[in-house]
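These notes concern the structure reproduced below.
Here, each number is a calculation from the coordinates, and none is a lab measurement. In this text the structure is predicted, and so the values were computed from the model without any measurement. Cβ sites come from the backbone with ideal geometry, for glycine too, and all protein chains shown count toward neighbours.
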Amino acid sequence: MQANPPGRDLFSNLAGCLTALLTGGIFCLVGAGLALWGWSILQNARASASWPTAEGRVTSSQVDHSTDAEGGDSYQPEVTYQYMVDSLSYENSTIKFGENSYGNRRTAEEIAARYPVGRSVAVYYDPGQPGRSVLEPGVSAGSYIVLGIGVLFVVISMIITPLTVIFRNRGG
């Protein structure tokens, strides 16, 4: 059996540590980005609970279906509505801030069914940006999903990355 040239083990260990740090750093940055986006969703949901309302009308209501690369199905209720604020007409399709995609068709259909075409609806709009609006204001469990996933990415990368470097340095 041939021995490794001097410095090869050190180089291999250093390369492994740098790879772990780079991977962990990317994972942490992605998590931080998701957490910031999730925080924005949560803050919008909180703010929408106190927004004024305008009368609106549903112009379309359906359920969209998509399949991911692994064959998983996803269903999204798609509801478009029009409303007026200060004599200006707006159109939007945000039902609520947060969870808007579901793993089963029935849930998405139930949400879309609450908003049949032609129905008069209360539209909660941002008084500073009347084009931003929702039909279901406030925070729901779904408002925390993206924030939670982002925090989870950050926490996992902050635990796994140092452990990987420590174990590589110990030769284990």
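Some notes on this structure:
- Extension gain (nm, one decimal) between Leu22 and Gln43, 0.36 nm per residue minus Cα-Cα: 4.4 nm
- Stokes-Einstein diffusion for the stretch 28-78 at 20 °C, viscosity 1.002 mPa s, with a Kirkwood radius from C-alpha pairs, works out to 147 µm²/s.
- Highest-first packing order for the peptide set 55-68, 96-109 is 96-109, 55-68, based on the mean count of other beta carbon atoms within 10 Å.
- Residue by residue, the stretch 77-82 carries 3J(HN,Hα) couplings of x, 10, 10, 10, 9, 10 Hz when phi is fed to the Karplus relation 6.51 cos²θ - 1.76 cosθ + 1.60 (θ = phi - 60°); x denotes Gly or Pro.
- Each Cα pair under 8 Å and six or more residues apart adds its separation to the average, and for the chain the resulting relative contact order is 34 percent.
- Shown here: the chain, whose C-alpha atoms stretch 81, 36, 24 Å along the first, second and third principal axes, sorted largest to smallest.
- Backbone phi angles across the stretch 92-98, fed through the Karplus curve with coefficients 6.51, -1.76 and 1.60 (θ = phi - 60°), yield HN-Hα couplings of 8, 9, 7, 7, 7, 7, x Hz in residue order; Gly and Pro are listed as x.
- Mean residue ellipticity (222 nm) of the chain, computed from DSSP H runs ≥ 4 via -39,500 (n - 2.57), nearest 500: -15500 deg cm²/dmol
- Its alpha carbons considered, the stretch 104-172 gives a radius of gyration followed by a Dmax of 22.0, 68 Å.
- Volume per residue for the stretch 51-137 equals 90 cubic angstrom (convex hull of Cα atoms).
- Per-residue HN-Hα couplings for the stretch 48-59 [Karplus 6.51, -1.76, 1.60; θ = phi - 60°; Hz; x = Gly/Pro]: 5, 5, 10, 6, x, 10, 9, 6, x, 9, 6, 9
- Taking every alpha-carbon pair in the stretch 99-138 and binning the separations at 5 Å intervals from zero gives 5, 19, 21, 22, 19, 10, 3, 0 percent.
- Amide proton proximity set for Val85, modelled H, under 5 Å, gap of 5+: Tyr90
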